[in-house]
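Working notes, structure below.
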Amino acid sequence: GGWACENPEFEERILRGLWGFRGFVTSDWGALHGPAAISTGTDLEMPGRELAGRPGGPYFREPLKQAIESGAIPVSALDRAVTRILEQLDRFGCLGRKAAVRERAIDVEADARAVREIAQRSAVLLKNEGGALPLRGDDLGRLAVIGPTAGQLAAGYMGERAYGFEARLVAPLDALRQTAPTARIAYSVGVDLTGAAIPGVESEAVLEPGGERSWSATLTAPEDGEYTLMVQPVLGGGSDGGGAIRIDGQPVARSGGPGFGGTGRVSKKWSGLLPTTDGRDNARGAVRLTAGAHRAGFSASSIGEGPLRVRFAWITPAMRRAGIGAAAESARGARAAVVFAWSGLGGASLALPEDQDELIERVAAANPRTIVVLNTGGPVTMPWIARVSAVLEMWFPGQEGGWATADLLLGRANPSGRLPVTFPWRLEDAPARAAGHPERMPVTAAPGATGVDPNPPAVRFTEGLAVGYRWYDREKIQPLFPFGHGLSYTRFEYSELEIRRARDTADIAFTVRNTGGLRGAEVPQVYLGPSADMPMDTPPQSLAGFVRVELAPGAAGRLTVHLDRRALSYWSRPALPAV
């Protein structure tokens, strides 16, 4: 139907009417399609379309003014949006009055303990063949740890994240060494994310405050292959700004910009997954180059109060091969090898980027006791899954994630997380790329291409209620790891199932016993199948409820999952209260 930002049923009838929301609604970046959105419930426009080179927008500037002056949009719609925004500014004391919410001192240590526990509980043990995890004493006698997100903490990704206190961003490798001080741990980066200065070009620039500079050079690629180019400014202490690289006229890497870089006093190294190993911001972009000369364009700008240094670096195919070879060699003589792998958020592929699949394959070939720790924002494919002993999904675990990762690897914490998404074997199994559905998310650009299609094709959603895991069930597609999957270092048994039904509710009761030797948590889940009472094509099964229980070895608990009327219902178009 209509655009989400112009949907009065969602924004007014459901959000404000049914749910009683009293704040203001902000568009996503570049999400508006016209000024009429202010009449349907959207109060504030984020920029974006003009920044991405898309036609149209911003719409809440001159187009909105013209629409109000012509009478196409009533001035009352503008008044209503402004009022909602001002009410929230006033609520938090931004208009001169005392804030309704009193500021309190931050108890950093207490908050850190909570964040660490959340990271532990969120981790999902996907595979653990032969009890490879937790690591044992003999493993720690000669352990190989591999990967850039082992040597640096991947707390989060992209600009919309909490940075935390930089001094507390302890890497998993350091946390392992401090938690197990007698362990003999050899570290290899494997796939480097910092790179080296680009030879033959001016690879470092210094700009005075407010300065801008652009220059060109010839970049010589020694061989055909994928190259990673990086823009690495020094941020902090008054230095702020960024730069960009273009190859043969095409943009490849850019630091700074909305949601990234710094803001003068608070400079955040968010342009890439990790800062450089010497503490710089680290914007990255991949491009395929043929051997020979290419025209490279460099630019830099300083927006801070002090001078800005910007370095331009690269990683060549040869550098990547050398890193992978060194990692495989370090794993060869180790008792166990732990490979940390990472991916970004979304994109045209679910494969791990930058030859990490090859890294894991080589390490697993060198050491049959290979464990993979994932820092990802969603599913990834795992062509190496049969050749590794264990896989631990840590996601992006936040400020205390290094400690949480060490706790789980060493058995100081027992994983109990469950997958909130399905991990498919291949991209084509997912609904957005399903064969026979050409209307779904067509890929219009070549892999690795940058830029935005100014007229993207329309996307239609024809799967109905078969969203997420329901799609795999309905299409009878076996996933790599299903929604709700998650293992433990201990074992649980279920017994004494009892179902108590009422008119429009149900209680599912059962006993869970910890039959293993470690304390751990289990997450029983209840799924419902189709009902003859529902006049629509319902999925084969849908999650209706779950419960989490933590049990000591040998202990049992009698649990009940209550299914209320909403859990036994399906969504139609009910009559909602008027706003």
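Please list, ordered by chain and number, the residues whose modelled amide H lies under 5 Å from the amide H of Gly285; skip anything fewer than 5 residues away on the same chain.
Residues meeting the criterion, in which the H sits 1.01 Å from N, are Leu229.
What are the aspartates and glutamates whose alpha-carbon lies under 18 Å from the alpha-carbon of Lys476, with same-chain residues fewer than 8 places away excluded?
Counting by Cα, and skipping residues close in sequence, Lys476 has these aspartates and glutamates nearby: Glu428, Asp429, Glu463, Asp537.
Identify the chymotrypsin sites (Phe, Trp or Tyr not before Pro) of segment 53-135 meeting these criteria: DSSP loop state and at most 14 other C-beta atoms within 10 Å of the C-beta.
Listed in order of number, the matching sites are Phe92.
Could you check what % of the DSSP bridge pairs in the chain are antiparallel, to the nearest 5?
Details: 71 of 90 bridges.
DSSP beta bridges in the chain are roughly 80 percent antiparallel.
Rounded to whole Hz and in sequence order, give me ³J(HN,Hα) for segment 350-363 from the Karplus expression 6.51 cos²θ - 1.76 cosθ + 1.60, θ = phi - 60°, writing x for Gly and Pro.
For segment 350-363, the Karplus-derived couplings read 9, 6, 5, x, 6, 6, 6, 4, 5, 4, 5, 4, 5, 5 Hz, x marking Gly and Pro.
What accessible area per residue, rounded to a whole number of Å², is obtained for the chain using a probe radius of 1.4 Å? Walk me through the intermediate numbers first.
Numbers: 28980 Å² over 579 residues.
I get 50 Å² per residue for the chain.
What size of dipole, in debye to the nearest 20, comes out for the chain about its Cα centre when the only charges are +1 on Lys and Arg C-beta atoms and -1 on Asp and Glu C-beta atoms? Display every interim value, and only then the final one.
Details: 63 positive and 63 negative charges, 208 e Å.
Computed charge dipole of the chain: roughly 1000 debye.
Considering the convex hull of the alpha carbon atoms of segment 281-392, report its projected area averaged over all viewing directions, in nm², one decimal.
10.1 nm²
Using +1 at the Cβ of each Lys and Arg and -1 at the Cβ of each Asp and Glu in segment 112-239, identify which of Thr149, Thr220, Pro233 lies farthest towards the dipole's positive end.
Thr149
Is segment 126-259 rounded, prolate or oblate when judged by the Cα gyration tensor, a ≥ b ≥ c being the square roots of its eigenvalues, rounded requiring a/c under 1.5 and prolate requiring a/b larger than b/c? Don't skip to the end; give the middle numbers.
On the way: a/c = 2.63, a/b = 1.82, b/c = 1.45.
Prolate, since a/c reaches 1.5 and a/b exceeds b/c.
Can you list residues from other chains, or at least 5 along the same chain, whose modelled amide H is less than 5 Å from the amide H of Gly241?
For Gly241, the qualifying residues are Gly262, Ile303.
So what J values fall out for segment 211-224 if you push phi through Karplus, 6.51 cos²θ - 1.76 cosθ + 1.60 with θ = phi - 60°, rounded to Hz, Gly and Pro as x?
x, 9, 7, 9, 7, 10, 7, 9, 9, 9, 8, x, 7, 5
For segment 122-189, calculate the relative contact order in percent as a whole number, restricting contacts to Cα pairs under 8 Å that are 6 or more residues apart. Display every interim value, and only then the final one.
On the way: 54 pairs, mean separation 31.1, N = 68.
Result for segment 122-189 is 46 percent.
Using amide H atoms built 1.01 Å from N in the peptide plane, name the residues 5+ places from Val338, or on other chains, whose amide H lies under 5 Å from its own.
The answer is Ala144, Val145, Ile146, Ile371.
Of all accessible surface on segment 268-323 at a 1.4 Å probe, what whole percent is carbon and sulfur? It would help to have the intermediate numbers written out before the result.
Working: 1150 of 2150 Å².
The value for segment 268-323 is 54 percent carbon and sulfur by accessible area.
If the viscosity is 1.002 mPa s and the temperature 20 °C, what translational diffusion coefficient in µm²/s does Stokes-Einstein give for the chain when Rh comes from Kirkwood over Cα pairs?
For these conditions, the coefficient is 79 µm²/s.
Using the Karplus curve 6.51 cos²θ - 1.76 cosθ + 1.60 with θ = phi - 60°, work out ³J(HN,Hα) for each residue of segment 391-405 in order, rounded to whole Hz, and write x for Gly and Pro.
9, 10, 8, 9, 6, 9, x, x, 4, 9, x, x, 5, 4, 4
Counting only protein heavy atoms and using a 1.4 Å probe, what share of the accessible area of segment 491-573 belongs to carbon plus sulfur, as a whole percent? Walk me through the numbers before you get to the answer.
Details: 2660 of 5410 Å².
Ligands and nucleic acids excluded, carbon and sulfur give 49 percent.
How high is the FRET efficiency from Ala291 to Ala217, r the C-beta distance, R0 25 Å, rounded to 0.05?
Plugging the Cβ-Cβ distance into 1/(1 + (r/R0)^6) gives 0.90.
Any idea what the relative contact order of the chain is, in percent, if you count C-alpha pairs under 8 Å spaced at least 6 apart? Can you show the working numbers first?
Details: 1252 pairs, mean separation 84.7, N = 579.
About 15 percent, as a whole number.
Shape of segment 487-562 from its Cα gyration tensor (a ≥ b ≥ c, root eigenvalues): rounded if a/c is under 1.5, otherwise prolate when a/b > b/c, or oblate?
Prolate, since a/c reaches 1.5 and a/b exceeds b/c.
What is the percent carbon and sulfur in the accessible area of segment 157-227, measuring with a 1.4 Å probe over the protein chains and ignoring ligands?
C and S fraction of accessible area: 49 percent.
On the principal axes of its Cα set, how long, how wide and how thick is segment 318-370? Give whole Å, largest value first.
Principal-axis extents of segment 318-370 (Cα, largest first): 37, 25, 13 Å.
The values are calculated or read from the model by the stated rules, or taken from the named source; none is laboratory data. Given the structure is predicted, the values throughout are model-derived calculations rather than measurements. Cβ coordinates were reconstructed from backbone atoms using ideal geometry, including for glycine residues, and neighbour counts include every protein chain displayed. Please note that ligands, DNA and RNA were not included when accessible areas were found on the heavy atoms of the full protein model with its side chains. Shrake-Rupley method; radii C 1.70, N 1.55, O 1.52, S 1.80 Å.
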